[in-house]
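The values are calculated or read from the model by the stated rules, or taken from the named source; none is laboratory data. Remember, it's a predicted structure, so these values are computed and weren't measured experimentally. Cβ coordinates were reconstructed from backbone atoms using ideal geometry, including for glycine residues, and neighbour counts include every protein chain displayed. With ligands, DNA and RNA removed, areas are computed over all heavy atoms of the protein, side chains included. Shrake-Rupley method; radii C 1.70, N 1.55, O 1.52, S 1.80 Å.
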Amino acid sequence: MNRTPPIPDTAGPSPAMVDVRGINKYFGENHVLRDVNLTVAPSEVVVVLGPSGSGKSTLCRCINRLETIQSGEIYIDGQPLPTEGRALARLRSDVGMVFQSFNLFAHRSVIDNVRMGPIKVRKMAKTEATELAESLLDKVGIADKGNQFPGELSGGQQQRAAIARALAMQPKVLLFDEPTSALDPEMVSEVLDVMNSLVADGMTMVVVTHEMGFARHAADSVAFMDEGQIVEMAPPGEFFDSARSDRARAFLSKVLSH
Amino acid sequence: MNVLLDNWRPLVDGLLTTLWITLVGGVGAIVVGVLVTAARVSPVKVLSGLAFCYVQFFMNVPLLALLVLFVFALPEVGLIMPLLTTAIVVIILYEAAYVAEAVRSGINTVSLGQAEAARAIGLTFLQSLRLVVLPQALRSVVQPVGNVMIALAMNTSLAAAVGVVELTAAAQKVNLVSAQPIQVFVGAGIGYMALALAIGLSTGVVERKVAIVR
């Protein structure tokens, strides 16, 4: 897995849920993703770690094409990621995303946030979507907040509502882009609890985070990124106890020392 | 004061015409302005280019020139509409450019994350604009759009120049007969002030009502 060369064009779709093949991404002159390969099997949880600026958030955002890539291929459940348009919107509806800054729709109540996707994208009947939204708000522990507006909720509650909104699409895979980084410390655990329950449910997840505890206990594998490359990919036990690369060891010594 | 009471009928008719132009023109300008903005921010280059040209054209040609052009030129090419309709259409097209600029500034206040979250749940571009971005943008531009509406109400007086008998034209007609310009035009002025005040006050009410809880 460690820096495999780009797979030749002859390779077809794979049974992986997420299959990232040799992608390159530039922001202007800045080469932020360099020949990145990543495969996520169904029900697998991959945690992406790395110093800031290593490209981990960008990788996460490329998977549902919020960022475009300059070369390489991305497959979701065997389907190549389409370019902008209706096909991409359809595919995105199967790929949930949870943002660092929650991004709940500020002008809509919490329950409206959760049921908007099912109603507008899945064309679900409103009563059915409302039931789904209520059960999901209950699942993330904010059943009583449905009629409030995002601005009236705490950060932790907003992030849990955002997770419920992503779950409402019944996604094949959930992407988390630093979901706890904008939270006060005492709210981190309530969000991690919800994420742990999703892991237990067998959700396929790609999680960019700085939560080393979550990586150690919940991940099936840890991808360590630095300077736009996946430097190392290993099961969490192996990664935390005996990282192979110098860069990973240097990173771990910094984040685990305090 | 007598001259106003003696001639209340044509003056009130003029005021009603002014109100009608303001109302239809205002609603039309908001609808067209929002559509122009939607085109302006769309990823389709041709659409955003056309919207840009639209705004530039109508912002850089005086309303009076447009009124004269439409009233006298359109019949030449076979498009004949009632005078009042023509004036309203011109005012809608003209003020829509200003509404479009106000709404576009509102779109810039909506954080990028809102649009990204909308796309991430699978909404198409139009859906995310209609359901997420525009509703928030419009809430933030109630005041500037209200100002455009006040300007529109004042600009309706230019329709007098092409023969629409609204408040200004009605006042002028009354003055031609009564020769009491101070009473007549101050009376008309008070009518415009009341209209502007009403728009301004309702703008404030609407703004508070639709404010987003933060």
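Could you please tell me which pairs satisfy a Cβ distance under 6 Å, a separation of 6+ or placement on different chains, a first residue in region A:186-212 that is more than 16 Å from residue A:157 (Cα to Cα), and a second residue that is open to solvent by 50 Å² or more (accessible area, probe 1.4 Å) and in a loop (DSSP other than H, G, I, E, B)?
Between residues of region A:186-212 that are more than 16 Å from residue A:157 (Cα to Cα) and residues that are open to solvent by 50 Å² or more (accessible area, probe 1.4 Å) and in a loop (DSSP other than H, G, I, E, B), the close pairs are A:202/A:43; A:204/A:42; A:204/A:43.
If we keep just the residues of region B:175-212 that are open to solvent by 60 Å² or more (accessible area, probe 1.4 Å) and not in a helix (DSSP H, G or I), which is farthest from the other protein chains (Cβ to nearest Cβ)?
B:179
Somewhere in region A:117-128, is a residue touching a helix residue (DSSP H, G or I) at 6+ places or on another chain (Cβ under 8 Å), touching a residue at least 12 places away in the same chain (Cβ under 8 Å) and farther than 26 Å from residue A:63 by Cβ?
No: region A:117-128 contains no residue that is touching a helix residue (DSSP H, G or I) at 6+ places or on another chain (Cβ under 8 Å), touching a residue at least 12 places away in the same chain (Cβ under 8 Å) and farther than 26 Å from residue A:63 by Cβ.
Quickly run through region B:91-115 and pick out the residues that are within 14 Å of chain A (Cβ to nearest Cβ) and open to solvent by less than 30 Å² (accessible area, probe 1.4 Å).
Across region B:91-115, the qualifying residues are B:106, B:107, B:110, B:113, B:114, B:115.
Counting just the residues of region A:110-148 that are of a type outside the set (A, V, I, L, M, F, W, C) and within 11 Å of another protein chain (Cβ to nearest Cβ), which one comes out nearest to residue B:127 (Cα to Cα)?
So the residue we want is A:120.
Where in region A:192-258 are there strands (runs of 3 or more DSSP E), lying wholly inside it, with at least 3 residues that are surrounded by fewer than 23 Cβ atoms within 10 Å (Cβ to Cβ)?
In region A:192-258, A:229-234 are the strands (runs of 3 or more DSSP E) which contain 3 or more residues that are surrounded by fewer than 23 Cβ atoms within 10 Å (Cβ to Cβ).
Can you run down the residue pairs with Cβ atoms below 7 Å, 6 or more apart or on separate chains, where the first is in region A:44-56 and surrounded by 24 or more Cβ atoms within 10 Å (Cβ to Cβ) and the partner is of a type in the set (Ser, Thr, Tyr)?
A:47/A:209
Does at least one position in region B:14-22 carry a residue that is under 30 Å from residue B:129 (Cα atoms) and either exposed (fewer than 15 other Cβ atoms within 10 Å of the Cβ) or out of contact with any Leu (no Cβ under 7 Å at 6 or more places or on another chain) (or both)?
For region B:14-22, residues under 30 Å from residue B:129 (Cα atoms) and either exposed (fewer than 15 other Cβ atoms within 10 Å of the Cβ) or out of contact with any Leu (no Cβ under 7 Å at 6 or more places or on another chain) (or both): present.
Limited to region A:60-90, what total is found for residues that are within 15 Å of the chain's Cα centre (by Cα) and at the interface with chain B (Cβ under 8 Å from one of its Cβ atoms)?
2
Out of the residues in region B:116-134 meeting the condition of being closer than 21 Å to residue B:47 by Cα and within 7 Å of chain A (Cβ to nearest Cβ), tell me which one is most open to solvent (accessible area, probe 1.4 Å).
B:119
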